[in-house]
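The values are calculated or read from the model by the stated rules, or taken from the named source; none is laboratory data. Predicted model, so just to flag it, every value in this text is computed and none were measured. When we count neighbours, we look across all protein chains shown, and the Cβ atoms used for this are built from the backbone with ideal geometry, even at glycine. Only protein heavy atoms, including side chains, enter the accessible area calculation; ligands, DNA and RNA are left aside. Shrake-Rupley method; radii C 1.70, N 1.55, O 1.52, S 1.80 Å.
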Number of protein chains: 2
Amino acid sequence: MTKLFEEANNGLMKASNVLVLSHRKPDGDTLGAAIAFKIWLGKVGKNVTLACIDKPSKVFSFLPFIGEYVDKFELKDFDYIVFVDCGASYMTNFQVEYSDLFSSGIPILNVDHHASNDNFGTVNIVDVLASSATTIIYRFFKFLGVEIDENMATCLLSGVYGDTGSFMHSNTSKEVFEIASDLISRGADFKIIVKSLFRSNTVNGLKLWGRVLEKAFKTPDDVLVSVIKEDEYASCDASPDQLSGVIDYLNMVPGTRFAVLLNEDRRGNVKGSFRTRLDDLDLSKVVADFGGGGHPKASGFSMKGKLVEDVRYFIMDEDSNKKTLDF
Amino acid sequence: MTKLFEEANNGLMKASNVLVLSHRKPDGDTLGAAIAFKIWLGKVGKNVTLACIDKPSKVFSFLPFIGEYVDKFELKDFDYIVFVDCGASYMTNFQVEYSDLFSSGIPILNVDHHASNDNFGTVNIVDVLASSATTIIYRFFKFLGVEIDENMATCLLSGVYGDTGSFMHSNTSKEVFEIASDLISRGADFKIIVKSLFRSNTVNGLKLWGRVLEKAFKTPDDVLVSVIKEDEYASCDASPDQLSGVIDYLNMVPGTRFAVLLNEDRRGNVKGSFRTRLDDLDLSKVVADFGGGGHPKASGFSMKGKLVEDVRYFIMDEDSNKKTLDF
């Protein structure tokens, strides 16, 4: 990785105008990594433009320079492009409008931690074992001896905190704590990160989560299921995107094989979100039948259709055999 | 604190049989601190008895030696007593049966981090700024040069993690991350801690939480309220203790002054739990009228009574004045 860090630094130092791209529907990791990068490059005299095809959510308004994100640019204005946290070349969605994004000859630095990364850059700093892209940027700064100021520290910690699920996911390594500890000592505003990223919901969002949790049930095959039908959004005055995160709560029940949340939207799509606590279950195989994908422990699918309730009964006999009744 | 650490160590080294007491309704901090202490003292040749008046919850079954907790002992068998994480001398509840607990002449070490601590020990290592009792034990071990093994690390991290609300409470300091990082590097089983302490619920517990969230509403005075009446436990097949933690979710709504959860139990008690996101609001004053107490940001009360619904309306006039209607 040392050699890659050197290559990346050499390329960047020769550049004057740098475009830093975040993936669509940006999360704290892609935003934090990009902005920390921008702050550093600004200090060494580079002009930096931050771009993302989707407007960052209001929950990220605490990040410095978040207001500078653009969704359009002139590719010819730049002599270096950085992609952060983009799990594949298409993840920014900019390649649709900028068909020469990868063929313009402008060198590309690709900093990522997703196993799906297709190494689309001129320099690819891709570590699939890193907890987050911000973790890699942190290592890069350490390698270069960059002084991490308060703002950079807040940006990096936002990514580390977000991508480890507030230090709860299994990618929470010793390194993650060392980084968090160091960033807090450098003035990262941990309080605002927690408040913004993990302690925010609306009353309507709470009601929708409440409905999901209250409707949860365990199947005889130890799958924890909950369902939200299209008409339920209206009764909670909520929208499907407000479901984000609740699947992790369905997954809190020990003794279940996995948790599923099924939801319909108004456009005739059914989305399935799957999570498991088991290490030996590959959910990406479970969702493959529905054209879905993801990680072994967190997968999902989305398909055209609607949810239809079909209650079935079976009898568990004295020897614990299932007798299915079809009628 | 150095001097206190020396005094404590001198006392302990002279002892042969040590009684380590955890507070009633034990949490991860009092258990983790006590067991880490026991492991260390065992290594230096002491006989150690762990005692708690209440049986530790099953969620702590991953802690080493948790099965050795007793709820009875012979005071005369010991020549040193350690209280860990006991916010006041009565917090173990053992003083009821053992009336000479504090007058037997046996030296007492009191290790705690609560502001309410009444310094009941012979040696009082009380630091109200420490995030947890385990934090203090960690410092003590570091001071003495004790080698923290895997089991001790898991115990200490359980307390640190529990008392900082999985690193979300405002007591999550730089020191907390340094300790967590160090303990993980020493083999603390972080995964089982998260799974056991923060990723466990029952289907019935989820349903009850769901009901609380779904019934949440915001008053015109920006207080977020939810209510569970006694008959609702039966319909979820749940019990009042399964509400533990849900108040923190009610407190996730920005723009509210504070969150309140009111619940009735079958014995005719009404409990109120209060949380706020605001730094300038002292909830302990809010609950004082109900005979309650607690911290400025987290308070509660419990009183005999039942919940009665009383819907009121008022009119907000054009100048945003409230006009209360009494009828």
Flag for residue A:103 being more than 20 Å from residue A:148 (Cα to Cα), assigned by TED's automatic domain parsing to the domain that holds residue A:119 and either of a type in the set (Val, Ile, Thr) or under 23 Å from the mean Cα position of the chain (by Cα) (or both) = no
message = One residue is enough: does region A:211-220 have a residue meeting the conditions among the acidic types (Asp, Glu) and more than 7 Å from chain B (Cβ to nearest Cβ)?
response = no
request  = State all residues of region A:113-137 that are farther than 17 Å from residue A:81 by Cα and acidic (Asp, Glu); if no residue qualifies, say none.
outcome  = A:127
request  = Please specify each residue of region A:144-183 satisfying the condition of being of a type outside the set (S, T, N, Q) and on the phi > 0 side of the Ramachandran plot.
outcome  = A:145, A:165, A:167
message = Would you confirm, using the coordinates I've provided, whether residue A:198 is facing chain B (nearest Cβ under 10 Å) and within 15 Å of the chain's Cα centre (by Cα)?
response = yes
note = Residue pairs qualifying under the 6 Å Cβ cut-off, at least six apart or on distinct chains, with the first in region A:196-211 being of a type in the set (S, T, N, Q) and the second being in a helix (DSSP H, G or I), are A:196/A:59; A:200/A:59; A:204/A:236
task = Being modelled with pLDDT of 90 or more and among the charged types (D, E, K, R) is the filter; apply it to region B:179-192 and report the residue that is least open to solvent (accessible area, probe 1.4 Å).
result = B:182
ask   = What about residue B:92, is it in contact with a Gly (Cβ under 8 Å, 6 or more places away or on another chain) and among the β-branched types (Val, Ile, Thr)?
value = no
request  = Hey, can you tell me all the residues within region B:1-26 that are within 26 Å of residue B:95 (Cβ to Cβ), open to solvent by 50 Å² or more (accessible area, probe 1.4 Å) and assigned to a loop (DSSP other than H, G, I, E, B)?
outcome  = B:16, B:24, B:25
note = Scanning region A:47-68 residue by residue, the ones that are touching a residue at least 12 places away in the same chain (Cβ under 8 Å) and either touching a Lys or Arg at 6+ places or on another chain (Cβ under 6 Å) or farther than 23 Å from residue A:242 by Cβ (or both) total 10
note = A careful count of residues in region B:125-153 that are open to solvent by less than 10 Å² (accessible area, probe 1.4 Å) and in a helix (DSSP H, G or I) gives 9
remark   = residue A:225 passes all but one of the listed conditions (1) more than 21 Å from the chain's Cα centre (by Cα); (2) closer than 25 Å to residue B:247 by Cα; (3) within 7 Å of chain B (Cβ to nearest Cβ); the exception is number (3)
remark   = Residue pairs qualifying under the 6 Å Cβ cut-off, at least six apart or on distinct chains, with the first in region B:235-256 being within 11 Å of chain A (Cβ to nearest Cβ) and among the hydroxyl-bearing types (Ser, Thr, Tyr) and the second being surrounded by 19 or more Cβ atoms within 10 Å (Cβ to Cβ) and not in a loop (DSSP other than H, G, I, E, B), are B:256/B:224
inquiry  = Give me the residue from region B:133-191 that is acidic (Asp, Glu) and within 10 Å of another protein chain (Cβ to nearest Cβ) and, out of that set, farthest from residue A:191 (Cα to Cα).
reply    = B:182
task = Test residue B:167 against the stated conditions and say whether it is open to solvent by less than 60 Å² (accessible area, probe 1.4 Å), of a type in the set (Phe, Trp, Tyr), modelled with pLDDT under 90 and under 23 Å from the mean Cα position of the chain (by Cα).
result = yes
task = Output yes when any residue across region A:299-307 is at pLDDT 80 or above and under 17 Å from residue A:256 (Cα atoms), and no when none is.
result = yes
query = Which helices (runs of 4 or more DSSP H) sit wholly inside region B:193-295 and have at least 2 residues that are at pLDDT below 90 and open to solvent by 60 Å² or more (accessible area, probe 1.4 Å)?
reply = B:230-236
note = Note on region A:174-202: residues under 24 Å from residue B:154 (Cβ atoms) and in contact with an Asp or Glu (Cβ under 6 Å, 6 or more places away or on another chain) are A:181
